[in-house]
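A.B. asks: Have a look at this one.
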Amino acid sequence: MAGTGNGGPLSGVRVVELAGIGPGPFAGMLLADLGADVVRVDRPGGSGLGVDPAYDLTNRNKRSVLIDLKSAAGPGQVLDLVERADILIEGYRPGVAERLGIGPDTCLARNPLLVYGRMTGWGQQGPLAGTAGHDIGYIAVTGALGMTGPPDGPPAAPANLLGDYAGGSLYLVVGVLAALRHAQTEGGRGQVVDAAIVDGTAHLTAMIHAMLAAGGWQDRRGANLLDGGAPFYGTYETADGGHMAVGALEQRFYGEFVRLLGIEDTAPARDDLAAWEELRTVIAARFKTRTRAEWTAVFEASDACVAPVLSLREAPGHPHLAARGTFADHGGITQPAPAPRFSATPGAIRRPPARPGADTLDVARDWDVPALTDRREPGPGAAWPDGTRAADAAARPPETDG
């Protein structure tokens with residue numbers, strides 16, 4: 001289907017995103033960064049994230065229309081968009097979209113080539129499918145959370161990067177693009193993509209499961225090559241309270257590491273597992289003799305595989321990231337640039353975060369959906385055409401995202 005040309009590799013692809021929080025909007029942002037025309041269907045009262053829409057970067061490069069899905073006209077307006085879309089993304093609990101009248105069967109009847117992407121934590125089936133949850137619970141039951149943290153302490157939650165975004169958003173994007181490829185082939189058809197965070201996160205652990213089966217991984221944290229168990233793969237504190245990350249796995253990189261660290265002649269043999277704690281102590285003591293900046297200068301441009309642990313505010317200033325333009329300034333906000341990169345059809349930050357309902361007229365024109373203009377956002381004391389007062393609609397609790 002023809003859509004607004006945005007220049008990226010997905011230029012011409014039209015996406016309807018039903019507003020939510022977390023992994024669904026992030027998936028929509030990724031599609032939008034790559035050039036898709038993503039129209040976010042916002043609801044009166046907002047998504048519940050509690051962030052000023054001007055700063056919600058997961059809504060950059062999108063356009064927004066305001067539709068009350070609980071009004072008489074709402075479902076039909078969404079279906080009008082669906083008829084002209086290639087992909088739909090929703091993140092409700094199982095059954096909610098169906099109750100609202102915009103479930104997969106209804107949407108696919110309207111548009112048989114539609115890819116209907118469902119983003120949940122537990123998935124569409126299973127004993128927990130209907131229950132609430134968050135990233136930390138999803139990665140907990142998959143075994144991923146249990147691999148993080150020190151052996152003598154509790155597991156360490158990696159923000160919501162591992163579950164929501166790696167196991168959730170990225171798998172949803174892979175899924176809807178693969179399904180879109182099928183839909184656009186001769187004889188292809190639309191379908192439902194069930195992207196569950198528990199499934200994606202479990203899939204991310206494939207290599208670890210292989211090592212576990214082969215006897216090369218112990219089923220406990222802090223005891224393995226890649227989980228901090230090895231003294232040459234972990235983090236160490238510096239004299240000023242900063243930290244350095246060490247990943248000197250291969251012997252040639254390790255040789256460079258101990259040479260530059262200054263312990264080449266005093267460190268215990270790395271192949272002697274019984275001496276690993278002694279080696280860890282020697283490395284830790286040495287790192288404590290200089291500041292993070294000083295150690296950064298020592299290891300800079302070497303093959304020792306050592307890097308400073310930077311904060312979110314520090315990261316954009318790292319010389320390598322700055323040279324690559326890994327972060328960009330747009331609209332006064334420093335933010336990650338689109339990724340990955342394409343030689344012929346680069347993605348770009350084209351628009352600031354979409355304001356709820358701000359693009360209704362433009363979308364109605366571009367997508368040829370005049371019904372969208374039948375219901376515009378009223379003032380606080382006004383009423384919708386179905387009689388619902390704006391203040392009442394804003395007070396409605398949103399359907400719980402999965």
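A.B. asks: List the GluC sites (Glu not before Pro) within segment 213-290 that fall in a DSSP loop (any state other than H, G, I, E or B) and whose Cβ has at most 15 other Cβ atoms within 10 Å.
C.D. replies: Sparse-neighbourhood loop GluC sites (Glu not before Pro): 250, 264.
A.B. asks: Compute the long axis of helix 276-287 from its Cα atoms, compare it with the longest principal axis of the Cα atoms of the chain, and write down the angle in degrees, 0 to 90, nearest 10.
C.D. replies: Roughly 80 degrees, rounded to the nearest 10.
A.B. asks: Using a 1.4 Å probe, what is the accessible area per residue for the chain, in Å²?
C.D. replies: 48
A.B. asks: Okay, moving on. Can you send over the carbon and sulfur percentage of the accessible area for segment 61-135, probe radius 1.4 Å, protein chains only?
C.D. replies: It is 57 percent, rounded to a whole number.
A.B. asks: With +1 assigned to the C-beta of every Lys and Arg and -1 to the C-beta of every Asp and Glu, and no other charges, what is the dipole magnitude of the chain about the Cα centre in debye, to the nearest 20? Walk me through the intermediate numbers first.
C.D. replies: Numbers: 35 positive and 46 negative charges, 130 e Å.
In total the dipole reaches around 620 debye.
A.B. asks: For residue 285 and residue 329 in one chain, what is 0.36 nm times their gap in residues minus the Cα-Cα distance, to one decimal in nm?
C.D. replies: Gain on stretching residue 285 to residue 329: 11.9 nm.
A.B. asks: Continuing with the same structure: When you take every Cα atom in the chain, what is the radius of gyration, and what is Dmax, the widest Cα pair distance, in Å?
C.D. replies: 24.8, 81
A.B. asks: Counting DSSP beta bridges with both partners in the chain, what percentage is antiparallel, nearest 5?
C.D. replies: 40
A.B. asks: Tally up the carbon and sulfur contribution to the accessible surface of segment 322-368 as a whole percent, 1.4 Å probe, everything protein left in place. Intermediate results must be reported in sequence, preceding the final value.
C.D. replies: Values: 1520 of 2820 Å².
Of all accessible area on segment 322-368, carbon and sulfur atoms account for 54 percent.
A.B. asks: Multiply the residue gap between residue 277 and residue 132 by 0.36 nm, knock off their C-alpha separation, and tell me the result in nm, one decimal place.
C.D. replies: Length gained between residue 277 and residue 132: 48.0 nm.
A.B. asks: Residue 328's amide H: which non-local residues (gap 5+, or another chain) put their own amide H closer than 5 Å, with H modeled 1.01 Å from N in plane and none for Pro or chain starts?
C.D. replies: For residue 328, whose amide H was placed from the backbone, the distant partners under 5 Å are 335, 337.
A.B. asks: Given the whole protein assembly as supplied and a 1.4 Å probe, what does the accessible area of residue 261 come to in Å², nearest 10?
C.D. replies: 0
A.B. asks: Can you give the local net charge around residue 167? Use residues other than it whose beta-carbon is closer than 12 angstrom to its beta-carbon, Lys and Arg +1, Asp and Glu -1. Can you show the working numbers first?
C.D. replies: Values: positive: none; negative: 135, 164, 199.
That sum, taken over residues with Cβ under 12 Å, equals -3.
A.B. asks: Working from Cα positions, state the angle (0 to 90°, nearest 10) between the long axis of helix 170-183 and the longest principal axis of the chain.
C.D. replies: For 170-183 against the chain, the angle is about 50 degrees.
A.B. asks: By how many nm would the segment from residue 209 to residue 186 lengthen if fully extended, with 0.36 nm per residue of separation less the alpha-carbon distance?
C.D. replies: Stretched out fully, the residue 209 to residue 186 stretch lengthens by 4.5 nm.
A.B. asks: Using alpha-carbon pairs under 8 Å, 6+ residues apart, how would you state the relative contact order of segment 217-342 in percent?
C.D. replies: Relative contact order comes out at 23 percent.
A.B. asks: Within segment 205-247, which residues have the backbone N less than 14 Å from the label spot 7 Å out from residue 318 along Cα→beta-carbon, could you tell me?
C.D. replies: From segment 205-247, the list is 243-247.
A.B. asks: Using the alpha-carbon centroid of each, what span in Å lies between segment 242-298 and segment 161-223?
C.D. replies: Answer, in whole Å: 35.
A.B. asks: If each of residue 373 and residue 361 carries a label point 7 Å out from its Cα toward its Cβ, how far apart are those two points in nm?
C.D. replies: 0.8
A.B. asks: Quick one: helix 251-261 against the long Cα principal axis of the chain, what's the angle to the nearest 10°, folded into 0 to 90?
C.D. replies: 70
A.B. asks: Using Cα-Cα distances under 8 Å and only pairs 6 or more residues apart, what relative contact order does the chain have, in percent?
C.D. replies: 21
A.B. asks: Could you work out the relative contact order of segment 73-200, using alpha carbon pairs under 8 angstrom and six or more residues apart, expressed as a whole percent?
C.D. replies: This gives 32 percent for segment 73-200.
A.B. asks: Can you give the FRET efficiency to the nearest 0.05 for residue 243 and residue 301, using r as the Cβ-Cβ distance and R₀ = 25 Å? Intermediate results must be reported in sequence, preceding the final value.
C.D. replies: Details: r = 20 Å, r/R0 = 0.80.
Working from the Cβ atoms, E equals 0.80.
The values are calculated or read from the model by the stated rules, or taken from the named source; none is laboratory data. Remember, predicted model here, so these are calculated numbers, not experimental data. We place every Cβ from the backbone using ideal geometry, glycine too, and count neighbours over all the protein chains shown. Please note that ligands, DNA and RNA were not included when accessible areas were found on the heavy atoms of the full protein model with its side chains. Shrake-Rupley method; radii C 1.70, N 1.55, O 1.52, S 1.80 Å.
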